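Please read the structure below before turning to the comments.
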Amino acid sequence: QVQLVESGGGVVQAGGSLRLSCAASRSISSLNFMAWYRQAPGKQRDLVALITRGGSTNYADSVKGRFTISRDNTKNAVYLQMNSLKPEDTAVYYCHIDATMAAYWGQGTQVTVSS
């Protein structure tokens, strides 16, 4: 069973930065993409950013130009660099890895942006 361990969340003032990390307990075969989602209280879980096996990236319109997703295949890890944070970025952020035979979720890490 693959486990995803997230870190890097916290409380930051508006305009600040945070870097989220997610490491898988082992390498994953037939990987399709790695992604970050977020869920604010009372709202659905939404895609924030993803990076495909080939390295292509995609971002939600609300974070374009502020967030950057990256990965380290040697560490089975995916990262989310978040700059120019806004109060509306406050949410629980979840790491997600999609593979042909299975999909995996992290436990979530809280990001709180104060105004």
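For Lys64, the lysines whose Cα comes closer than 20 Å to its Cα, not counting residues fewer than 8 places off in the same chain, are Lys86.
Put a dot 7 Å past the Cα of Ser29, heading toward its Cβ, do the same for Asp61, and the two dots end up 4.1 nm apart.
Amide H to amide H, with H built 1.01 Å from N, Val48 comes under 5 Å of Trp36, Tyr37, Arg38, counting only residues 5 or more places away or on other chains.
So between Ser84 and Thr112, what do we pick up on full extension, going 0.36 nm a residue minus the alpha carbon distance?
Details: separation 28, 0.36 × 28 = 10.08 nm, distance 1.30 nm.
Extra length from Ser84 to Thr112 when fully extended: 8.8 nm.
Place a +1 charge on the Cβ of each Lys and Arg in the chain and a -1 charge on the Cβ of each Asp and Glu, then give the dipole magnitude about the Cα centre in debye, rounded to the nearest 20.
Values: 11 positive and 7 negative charges, 25 e Å.
The dipole magnitude comes to about 120 debye.
Working from Cα pairs under 8 Å separated by at least six residues, relative contact order for the chain is 37 percent.
Whole number in Å², please: accessible area per residue of the chain, 1.4 Å probe, ligands, DNA and RNA not counted.
Details: 6080 Å² over 115 residues.
Heavy-atom accessible area per residue stands at 53 Å².
Once the other residues with Cβ under 14 Å from the Cβ of Ser84 are scored (Lys, Arg +1; Asp, Glu -1), what is the net sum?
On the way: positive: Arg19, Lys64, Arg66, Lys86; negative: Glu88, Asp89.
Neighbourhood net charge equals +2.
Could you work out what % of the accessible surface of the range 31-76 is carbon and sulfur, using a 1.4 angstrom probe and leaving DNA, RNA and ligands out of the count? About 45 percent, which is the carbon plus sulfur part of the accessible surface.
Once the piece of chain linking Ala40 and Ala103 is laid out straight, how much longer is it, given 0.36 nm per residue of separation minus the C-alpha distance between them? Before the final figure, lay out the partial values.
On the way: separation 63, 0.36 × 63 = 22.68 nm, distance 2.18 nm.
Extending this stretch completely gives an extra 20.5 nm.
In this structure, Gln13 and Arg53 have a Cβ-Cβ separation that, at R0 = 41 Å, corresponds to a calculated FRET efficiency of about 0.70.
The values are calculated or read from the model by the stated rules, or taken from the named source; none is laboratory data. Everything quoted here is computed from the prediction, not taken from an experiment. As a convention, Cβ positions derive from the backbone with ideal geometry for all residues, glycine included, and neighbour counts pool all protein chains shown. For accessibility, only protein heavy atoms count, side chains too; no ligands or nucleic acids. Shrake-Rupley method; radii C 1.70, N 1.55, O 1.52, S 1.80 Å.
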